[in-house]
1. Give the residues of region 290-305 that are under 17 Å from Gly165 (Cα atoms) and open to solvent by less than 40 Å² (accessible area, probe 1.4 Å), sorted by residue number.
2. Can you find a residue that is closer than 13 Å to Met336 by Cβ and open to solvent by 70 Å² or more (accessible area, probe 1.4 Å) anywhere in region 108-131?
3. Any chance region 179-193 includes a residue that's open to solvent by less than 60 Å² (accessible area, probe 1.4 Å), part of a loop (DSSP other than H, G, I, E, B) and in contact with a helix residue (DSSP H, G or I) (Cβ under 8 Å, 6 or more places away or on another chain)?
4. Is it true that Ser176 is hydroxyl-bearing (Ser, Thr, Tyr), within 18 Å of Ala321 (Cβ to Cβ), open to solvent by less than 50 Å² (accessible area, probe 1.4 Å) and in a helix (DSSP H, G or I)?
5. Which ones in region 137-161 are part of a helix (DSSP H, G or I) and either open to solvent by 50 Å² or more (accessible area, probe 1.4 Å) or polar (S, T, N, Q) (or both)?
6. If only one of Leu107, Leu134, Leu170, Leu164 is touching a residue at least 12 places away in the same chain (Cβ under 8 Å), touching a Cys at 6+ places or on another chain (Cβ under 8 Å) and either more than 18 Å from Met330 (Cα to Cα) or assigned to a helix (DSSP H, G or I) (or both), which one is it?
7. What helices (runs of 4 or more DSSP H) lie completely within region 1-86 and have 1 or more residues being open to solvent by less than 80 Å² (accessible area, probe 1.4 Å) and modelled with pLDDT of 80 or more?
8. Look at region 110-131 and say how many of its residues are assigned to a loop (DSSP other than H, G, I, E, B) and of a type outside the set (A, V, I, L, M).
Amino acid sequence: MISTTQKSQERIDGPGLLFEWGLKSLLFAAFFELVLYRLVSRLGMHLGKLAEKYEAVRIGFRTLSSLGFVLLNMTAILVFLILGILLVQKLRTKLWVGEWDKVVIPLAALLVACTVGYLFFPPVMVGTILYNILAFGLIVFLVLEYWVTHRVLSQRLMVSSFFLGISGWLYYQTMSTTYGWLNIFDAPPLVHEGNRLGEALMVLSSILVFWAYGTTSIITKNKQQRRWGLTLVISGGSAFLALLFMDFFLSLWNPEVAKEVRKAGEGIGWIFQMGMGYTFYLPFAFYVLGFTCWAYTVIKLVLIGRLAGYGLGLMFMAGYALQLSHLTLMVVLGLMLLNIDKRGTLGKLRKKTQEGVVYQPIRPVYGQTQ
């Protein structure tokens, strides 16, 4: 039997309901903030003439934009809360201790302190440069920790692709700001090429998410999960091929229709570029494929309580262009959740404190080993 002292210690050391429900609330708030504020509000700008013509449309977009702004602030507060709880738990218990915590914890605390400080004292160019460098250094050590704790090839490829992709944006942002600060009017070396390559790698990473964490639905003995997994592969593959060759077939059928579809695609690309940083220079089918793979995997992992589901959700909902500080913190928090995913699901973490690894993820497809 477990003594009263041990039970009390578990209640003190465990992450508690605040962490669990705060993390769930953060995921939903971040999703609706992305949809309502970063995407719908940009759509309202794109449909400015329509809003001028119809008062109901203008009021509708203004209401949704205001609601999205409230969700943005809620998301920022929840990011601070969950990141703070996670850092405190790393210091108080052995359950969430990582290989690089001696570096990760100080860097994460410094990044949070800079974020709070910049709320009261808006940074100049030098502050922005230092913030990006600090964020990049923290992400480097989090990725190194992931490589140490995850030996599956697909998972390493996924997180490496994400790291290189987000590095493309950080390089673009840091070098452009540095040149502006130094009053250098020439373009930084390879800045545009790095930005476009980073976007491509982010799309690749969103596709690899399914291979790294979602393919167990195909080889599982559970018939319902296997049926859902095969349905996704067949329907998603068909949609991908249809979108990939849609422009070609439309051009053969009716050039005018093909032209209108291209214009609509440019409008969608503008909205996502303003909201998430994606320019949609790749074929549209690849973005749809990446979204489908990411969405299926995140929903699947969240339903079974896997911390990886919440981590992947936050990482990719932050977008490619980390234009706001809380988006950078979402990426950091997402990587930290990926690193502690093996320690247990949300339910098991409430009951386990210092017993090592309490949950082993199912081995991905193709017979890879941990």
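1. At the first step, the residues of region 290-305 found to be under 17 Å from Gly165 (Cα atoms) are 290-291, 294.
The answer is Gly290, Trp294.
2. Going through region 108-131, the residues closer than 13 Å to Met336 by Cβ turn out to be 108-109, 111-112.
Those left that are additionally open to solvent by 70 Å² or more (accessible area, probe 1.4 Å): none.
No, that holds for no residue.
3. First, pick out the residues of region 179-193 that are open to solvent by less than 60 Å² (accessible area, probe 1.4 Å): 179-180, 188, 191.
Still in the list and also part of a loop (DSSP other than H, G, I, E, B): 188.
Retained after the next criterion (residues that are in contact with a helix residue (DSSP H, G or I) (Cβ under 8 Å, 6 or more places away or on another chain)): 188.
Within region 179-193, one or more residues are open to solvent by less than 60 Å² (accessible area, probe 1.4 Å), part of a loop (DSSP other than H, G, I, E, B) and in contact with a helix residue (DSSP H, G or I) (Cβ under 8 Å, 6 or more places away or on another chain).
4. Working: hydroxyl-bearing (Ser, Thr, Tyr): yes; within 18 Å of Ala321 (Cβ to Cβ): yes; open to solvent by less than 50 Å² (accessible area, probe 1.4 Å): yes; in a helix (DSSP H, G or I): yes.
Answer is yes for this residue.
5. The initial filter retains those residues of region 137-161 that are part of a helix (DSSP H, G or I), namely 137-149, 153-161.
Within region 137-161, Phe141, Leu144, Trp147, Val148, Thr149, Leu153, Ser154, Gln155, Arg156, Leu157, Ser160, Ser161 meet the criteria.
6. Numbers: Leu107 fails: touching a Cys at 6+ places or on another chain (Cβ under 8 Å); Leu170 fails: touching a Cys at 6+ places or on another chain (Cβ under 8 Å); Leu164 fails: touching a Cys at 6+ places or on another chain (Cβ under 8 Å).
That would be Leu134, the only listed residue that is touching a residue at least 12 places away in the same chain (Cβ under 8 Å), touching a Cys at 6+ places or on another chain (Cβ under 8 Å) and either more than 18 Å from Met330 (Cα to Cα) or assigned to a helix (DSSP H, G or I) (or both).
7. On the way: elements: 4-13, 16-33, 41-46, 48-53.
In region 1-86, 16-33 are the helices (runs of 4 or more DSSP H) which contain 1 or more residues that are open to solvent by less than 80 Å² (accessible area, probe 1.4 Å) and modelled with pLDDT of 80 or more.
8. Of the residues in region 110-131, the ones assigned to a loop (DSSP other than H, G, I, E, B) are 121-124.
Filter again for of a type outside the set (A, V, I, L, M), leaving 121-123.
Qualifying residue count for the region: 3.
The values are calculated or read from the model by the stated rules, or taken from the named source; none is laboratory data. Computed from a predicted model, the values in this text were never measured in an experiment. Positions of Cβ are backbone-derived with ideal geometry, glycine not excepted, and every protein chain shown enters the neighbour counts. Accessible surface is based on the protein model in full, side chains and every heavy atom, while ligands, DNA and RNA are left aside. Shrake-Rupley method; radii C 1.70, N 1.55, O 1.52, S 1.80 Å.
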